[in-house]
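In what follows, a structure is listed as structure tokens, so that the remarks can point back to it.
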Amino acid sequence: CDSYFTSGVERVLTGESVLERAFLENFMLPDRFSHLPEGMLPMCYPGDHNNGNFIPNWAMWFVLELEKYVENTGDRKLAEQAKDRVFRLLSYFREYENELGLLEDPGGWVFLEWSRANDPDLVKGVNFPTNMLYARMLLAGGKLYENTENIQKAEKLRETIRKRSIRGVFFTDQEHRGRSGWENSGESTEVCQYYAFFTGIATKEEDGRLWEILVKEFGPQRRERGLYPEIAGANAFIGNYLRVELLYENGLYEAVLQNIKDYFLPMAEKTGTLWEHEKPTGSCNHGF
């Protein structure tokens, strides 16, 4: 996931994707990853410990980055080289689909970002941001390899997420099995809304009020303005990056610049680097 964003910087600075190609190719070189379940990808090959831990969400980002890389470079050769890896990964996730077609407790360390959204009670059971990413990955894989089945599966999953996650204006983060059936947590986080738009589960046409709230009322000044205190805030990586990306994709360039200053100028002034968290409590020399 980190590399999805870092690789974009390589292309901006150099006009090429040489390092990104090498990075992606690393995941294809071994016959298998002996410390991981069949089909799963490491978090950061070859830098992982062989302790059996993995982030299923990061494996999904691998497919999204591969799609972006091919779009930018036209390198179909690497896509074909990765085909077996991608389809084995899809087979892994298929085992965790419940009767609704939603991923339920997909193993490993389910990780969204360093915020309330990643607390255990919100990632257990059916985590909607994870399923949003899953739908987007299915779509990416379907388009990469002209697989109609995965494209249709992604569209159906999108409908299911919208039906079960939306409460009022906001997307909720989680539902789980209770004594009387499925129970929705009723809680919404800021980063969940960003995942929704980034993955195409939400659109400006279908979710105009939510988009207006994100643009005009969410962001770096929301806490100081006392807006929507019931919606837990996002953190630097990846929530704030998703926000800036969405603003940029929608041509809101003045807002992009202001958000960059509000989020990242204090980091640059203090350490000359960018951080993993909004506060210097983790890596203070991340990529991006």
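The values are calculated or read from the model by the stated rules, or taken from the named source; none is laboratory data. Model, not experiment: these values are computed from the prediction. No Cβ is skipped: glycine too gets one built from the backbone with ideal geometry, and neighbour counts run over all protein chains shown. Note: accessible area is taken over every heavy atom of the protein model, side chains too, but ligands, DNA and RNA are not part of it. Shrake-Rupley method; radii C 1.70, N 1.55, O 1.52, S 1.80 Å.
The set of residues from the stretch 218-230 being open to solvent by less than 40 Å² (accessible area, probe 1.4 Å) and either basic (K, R) or more than 21 Å from the chain's Cα centre (by Cα) (or both) comprises just one member, R222. Being over 22 Å from V110 (Cα atoms), open to solvent by less than 60 Å² (accessible area, probe 1.4 Å), modelled with pLDDT of 95 or more and among the β-branched types (V, I, T) is a property that holds for V70.
The residues of the stretch 2-61 that are hydroxyl-bearing (S, T, Y), open to solvent by 60 Å² or more (accessible area, probe 1.4 Å) and under 20 Å from L78 (Cβ atoms), listed by number, are T14, Y45. Right, D105: open to solvent by 30 Å² or more (accessible area, probe 1.4 Å), in contact with a strand residue (DSSP E or B) (Cβ under 9 Å, 6 or more places away or on another chain) and either touching a residue at least 60 places away in the same chain (Cβ under 8 Å) or within 16 Å of L41 (Cβ to Cβ) (or both) or not? Criteria not met by D105. Do we have any residue at all in the stretch 264-278 that's of a type in the set (F, W, Y) and open to solvent by 40 Å² or more (accessible area, probe 1.4 Å)? Among the residues of the stretch 264-278, not one is of a type in the set (F, W, Y) and open to solvent by 40 Å² or more (accessible area, probe 1.4 Å), which makes the answer no. Filtered by the rule that a residue be without any contact (Cβ under 8 Å) to a residue 60 or more places away in the chain, farther than 20 Å from N57 by Cβ, touching a helix residue (DSSP H, G or I) at 6+ places or on another chain (Cβ under 9 Å) and assigned to a helix (DSSP H, G or I), the stretch 1-28 gives E10, V18, L19, R21, E25.
If you go through the stretch 165-190 and keep only what is touching a Lys or Arg at 6+ places or on another chain (Cβ under 9 Å), of a type in the set (V, I, T) and buried (at least 18 other Cβ atoms within 10 Å of the Cβ), you end up with T172, T189.
Please enumerate the residues belonging to the stretch 124-139 that are of a type in the set (K, R) and in contact with a helix residue (DSSP H, G or I) (Cβ under 7 Å, 6 or more places away or on another chain).
First, the residues of the stretch 124-139 that are of a type in the set (K, R): 124, 136.
Within the stretch 124-139, just R136 meets the criteria.
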